Amino acid sequence: MMASINYWAVVPAAGVGKRMQADRPKQYLPLAGKTVLEQTLARLIQADVFSAIAVAISREDPYWPELACSNDEKIITAAGGKERADSVLSALKSLTEQASDDDWVLVHDAARPCLTSEDIHLLIETLKEDEVGGILALSSHDTLKNVDGLKITETIDRSVIWRALTPQMFRYGLLKQALEAAVGNSAVTDEASALEMQGLQPKIVEGRPDNIKITRPEDLSLAQFYMEHQV
Ligand code: C5P
């Protein structure tokens, strides 16, 4: 009999969020009665598919131990790293004892608190038999331009451009290996790019547009609006 496949969530939450101009990292700003990070983790717990959720937290983070969810039995704390990829790798390593190479890992940004169970299940159902894995993504409704300074050099064919969201879903062994090979490469801004560097072609699964990443101050009220109107 084949061993059953487990699903793990990894949440990089060790960034400082400079573009928010706030007194604390953006994952600790208030959103609908909790912090952004608590809202994000609540969404992952609600989906009811993960064996555990590994969260990468900066070593100098005074806020995390104050959150009740830091003691949740489903949540494992790992040390964050210099870049996002280092934080993800550290969280993956914290699962070494429990995860097997064929298990699936869904990596999700701490700063995307509006993720729905619907999108988590869509990603899993679409990719669970896939060789490589893939990511939630959004097509572009706007016309896209290449620019040099402030001058347009060309219009890009938008039908071939997609915006990478999270979760990004890959096999535990393959993802760990790809991130280890990519250490120090600043072009690796998501997990899919680490796999692309190995010559692999992750798939895209069209996600919901309300799965926004909190980046600028105005994104908080937009996230609150989406959370109130989600069904
Ligand atoms: O800064 P950006 O929005 O691209 O960060 C995406 C996610 O990666 C955030 O959840 C952030 O906390 C996390 N991150 C991390 N370790 C870093 C940098 C970013 O866990 N060194």
Formal net charge of residues neighbouring Ala182 (Cβ-Cβ distance under 12 Å; K, R +1; D, E -1): -4
Cβ-defined net charge surrounding Ala52, 14 Å radius [Lys, Arg +1; Asp, Glu -1]: -3
Looking only at lysines whose Cα falls under 27 Å of Lys213's and that sit 8 or more positions away or on another chain, we get Lys18, Lys26, Lys34, Lys74, Lys82, Lys93, Lys128, Lys145, Lys176, Lys203
In region 7-229 the DSSP beta bridges are antiparallel at a rate, in percent to nearest 5, of 50
Give the accessible surface of the chain per residue, rounded to a whole number of Å², with probe radius 1.4 Å and ligands, DNA and RNA excluded. 53
Applying a 10 Å radius around every beta-carbon, put 146-155, 42-51 in order of their mean neighbour count, most first. 42-51, 146-155
Counting only protein heavy atoms and a 1.4 Å probe, tell me what percentage of the chain's accessible area is made up of carbon and sulfur. 50
Expressed as a whole-number percentage, the relative contact order of the chain with C-alpha contacts under 8 angstrom and at least six residues apart is 23
Tail beyond 18 Å, pair distance distribution of region 145-231 (Cα, percent): 63
Compute the Rg to Rh ratio over the chain from the alpha carbon atoms, using the Kirkwood formula for Rh, and round to two decimal places. 0.96
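The values are calculated or read from the model by the stated rules, or taken from the named source; none is laboratory data. The model shown is predicted, which means the values in this text are computed figures rather than measured ones. Positions of Cβ are generated from backbone atoms using ideal geometry, with glycine treated the same way; all protein chains shown enter the neighbour counts. Just the protein is used for accessible areas: all its heavy atoms, side chains included, with ligands, DNA and RNA removed. Shrake-Rupley method; radii C 1.70, N 1.55, O 1.52, S 1.80 Å.
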